[in-house]
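Please treat every number below as a calculation from the coordinates, not as lab data. It should be emphasised that the depicted structure is a prediction, and the values quoted were computed from it without experimental measurement. FYI the Cβ positions are ideal-geometry reconstructions off the backbone, even for glycines, and counts take in every protein chain you see.
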Amino acid sequence: MTKTISGGNRGKTQREPIANSQLLFFIAVAIFVLLYVAAIIAFGDKGFLKPQTLLTMFNENAALIIVACALTIVMITGGIDISVGAVIALVSIACAKYLQNGGEIWVSILMALGIGLAFGVFQGFLISYLKIQPFIITLAGMFLARGLVTVVSKEGISLTSEAAPAFIRLKDFRISIDALGSTDIKGLTKKVVFTPGTLEVTVIVALIILLAVALMLKKTRLGRHFYAVGGNQQSALMLGCNVQRVRFHAYIISGLLAGIAGYVNLMHKGAGNPTMAAGMEMDAIASSIIGGTMLSGGVGNVFGTLFGVLNLSTIKNIVQVSGISNGGKEWWQNITTGGMLCIFIVMQSIILFVRGKSGRKKAGNKPAKN
């Protein structure tokens, strides 16, 4: 984007600096490309050259993409929600038990939306109108949801075609990506054949929600208010923004998306169990931060969040195929994820500090008006 310079330099244009959210988004994309190219070079013969490997990353992380969008919205407003993983587990096991007993699919979907909405409304009200710290309230919500999971069922519930035939048919439906074709790649140490891949229905749901959230943040008044409240609450109040209502809406959307993510998770796994989605809230927060969402609020991009999810999944795959996690050394994945998260937080701080300092310097060099 450019702007016209008036005065003695009339007619000249100056390119406006790229926004912080866009810059952090481009960094997340660049790191994903570098990671995946490095994985292809180092472990191409272990699956990274197959299109299905990339598609599987989407299949396995559809629920995480949805709940990471929820965390992005909440974090843009300057809040946090650590209850989403437990809500996903509660939705999954409650819907699984209902379907196992011969329930209808559409009723189970309404159950998922209702559970998520109930948590969103309850937590959002306490945080927004009673001004209780988001971490404390959502921590209590996490314990509440985990407790309710064991009330519903202390054991895992696996759905079968006999108990829930319509659900299993929907779960097993696949979308074939024929456009990938079948191509021989020559000049490598081993000839690799690209074969058509498949996507689950859950991925389509996740991508639709991603686009809907992106449009909401960019094109709607509520989306602009999310950024305003997260950037500076006092300024938002002076502009006529109802801060309490905006934060309340953010948590309602977060709860609703957590309910959808719970059902998507059930569709992917075909089962529910009390320990399901343990730690998913932390993966969602990490994905949002890696994608460029600031913990301080006011900056975020759901497309960046998508690449944050892909970055985490790529690291997980690299750790697995490299063999360093064998022999009970699964903690290597946590180490690499934690290290990457720390790097991104430090990178964000440095970028914002340098850009802020540069902006202040330019403002100080402007000639005073007569």
(request) Name the residues whose placed amide hydrogens come within less than 5 Å of the amide hydrogen of residue 198, ignoring near sequence neighbours (fewer than 5 apart) on the same chain. (result) 177
(request) Determine the gain in length on full extension of the stretch residue 242-residue 30; use 0.36 nm per residue of separation and subtract their C-alpha separation, reporting nm with one decimal. (result) 72.6 nm
(message) Sorted from largest to smallest, which semi-axis lengths in Å does the alpha carbon gyration tensor of segment 51-123 give for its equivalent ellipsoid, taking the root of 5 times each eigenvalue?
(response) 23, 21, 9
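Among 46/316; 171/316; 131/218; 97/154; 97/171, which pairs are too far apart, with a Cα-Cα distance over 18 Å? Write down the numbers at each step before the final one.
Working: 46/316 14 Å; 171/316 25 Å; 131/218 27 Å; 97/154 11 Å; 97/171 16 Å.
Exceeds cut-off: 171/316; 131/218.
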(request) Using a Förster distance of 22 angstrom, determine the FRET efficiency expected from the C-beta separation of residue 176 and residue 117, and round it to 0.05. (result) 0.05
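Local charge sum around residue 272 (other residues, Cβ-Cβ under 11 Å, Lys/Arg +1, Asp/Glu -1)?
Counting the neighbours of residue 272, the net charge comes to +1.
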(request) Could you rank the peptides 91-104, 291-304, 19-32 by their average count of other C-beta atoms within 10 Å per residue, with the highest value first? (result) 291-304, 91-104, 19-32
(message) If I stretch the segment between residue 125 and residue 161 completely, what's the gain in nm (0.36 nm per residue apart, minus their alpha carbon distance), one decimal?
(response) 8.9 nm
(request) Measure off 7 Å from each Cα along the Cα-to-Cβ vector at residue 331 and residue 347, then give the distance between these two points in nanometres to one decimal. (result) 2.6 nm
(request) Net charge near residue 141: determine it from the other residues with C-beta under 12 Å of the C-beta of residue 141, scoring Lys and Arg +1 and Asp and Glu -1. (result) -1
(request) Starting at the first residue of segment 257-274, write each ³J(HN,Hα) from the Karplus equation 6.51 cos²θ - 1.76 cosθ + 1.60 with θ = phi - 60°, in whole Hz, x for Gly and Pro. (result) 5, 5, x, 5, 4, x, 6, 4, 5, 5, 5, 6, 8, x, 7, x, 8, x
